[in-house]
Each structure stands twice: as structure tokens, then as C-alpha cells.
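The values are calculated or read from the model by the stated rules, or taken from the named source; none is laboratory data. Keep in mind it's a predicted model, so treat the numbers as computed, not measured. Here the Cβ positions follow ideal geometry from the backbone for every residue, glycine too, while neighbour counts run over all protein chains shown.
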Amino acid sequence: MKKSIYITDFDMRRFKWLANNAAKFDELYKKNIYRLEKELEKALIVEPKEIPPSVITMYTTYKIKDLATDKENTYTLVFPFDADTGQNKISILTQIGVSSIGLSSGDVIEFEDASGKRKIEIVEIIYQPEREGLFYS
């Protein structure tokens, strides 16, 4: 059985908007929406004020470590229209984005991308909007 993840009800409403508007976008977008929907099947939906401070929510900045290379990166998880790889803002509709939403520091995720199978640890939650009292960012 897969581990449950935490999602705020506010983020869940925004994810549903993305899914409802998927028809307007290309096939890769639709495929990633499907992946997100599958991930959300194991979600525990909570009010933004109730989200644990160590959980990745939208606009959370977090550090990951590739367990094969020991390379670390810091990302901020954003919606597709805010993504900017130059500023390390990754879309929720990337493999890392879909795989990390709702998880906590210390969790390990596995997925396959163009470079092959990857195993990544969430090292640290640097910034989480809800932890700072920003419940509807």
C-alpha cells in the first residue's frame, strides 16, 4: 500500500481546475495531469491551517538529493504557468513535482524520466507558505 500524502483543500481545488482544463493543452500536459490525479488518490485532504509544517505544498521551497549521484538541488513547486527552470521553479506537472507533492522531509521518491530510473530523497523543507501563515497563496 502506498503511503498517504497530505494536500490542502485549497491546493486540491486548484488541481481539479488544472484537470478540468486539460483539454485545452497538449498531450504531455494531459499525461502529467493523469499522473497527478493518480497521486492524489492517496491524499489526505486537510485545511491549510492543519497541514504539517514539514509537508510539500504548492509554492514550497525544498531541497532534494539524488541518491545515485549525491547531487543536491533546491526547487520551488509551482503551477505550470509559474514554472521557470532558471529560478528553480518547477511545475507540479513534472515527474519530480507530481512525485513530491504532499510528502515530507526524509521521504524518498522513485520515478523514471528521460535519464532513467531515479531515487531522490527530500532533504529539507526550506519554506512552506502555510508554515508562515500564508494559507491561500
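Within segment 32-70, count every residue that is outside any loop (DSSP other than H, G, I, E, B) and in contact with a Leu (Cβ under 9 Å, 6 or more places away or on another chain).
Narrowing segment 32-70 to residues outside any loop (DSSP other than H, G, I, E, B): 32-40, 43-46, 48-50, 55, 61-66.
After this cut, where a residue has to be in contact with a Leu (Cβ under 9 Å, 6 or more places away or on another chain) as well, the list is 32-33, 35-36, 48, 55, 61-62.
So the count comes out to 8.
Restricting to segment 100-117, give me the number of residues that are surrounded by 13 or more Cβ atoms within 10 Å (Cβ to Cβ), in contact with a helix residue (DSSP H, G or I) (Cβ under 8 Å, 6 or more places away or on another chain) and farther than 13 Å from ILE5 by Cβ.
So the answer is 1.
Of the numbered conditions (1) in contact with a strand residue (DSSP E or B) (Cβ under 7 Å, 6 or more places away or on another chain); (2) more than 22 Å from GLU130 (Cβ to Cβ); (3) buried (at least 17 other Cβ atoms within 10 Å of the Cβ), TYR62 satisfies every one except a single condition; which is it?
Looking at each condition in turn, TYR62 falls short on (2).
With LEU77, LEU93 as the choices, which residue is touching a residue at least 40 places away in the same chain (Cβ under 8 Å) and not polar (S, T, N, Q)?
Of the residues listed, the single one that is touching a residue at least 40 places away in the same chain (Cβ under 8 Å) and not polar (S, T, N, Q) is LEU93.
Out of (1) of a type outside the set (Ser, Thr, Tyr); (2) at pLDDT below 95; (3) under 23 Å from ALA43 (Cα atoms), the odd one out for ASP66 is which?
So the condition that ASP66 fails would be (3).
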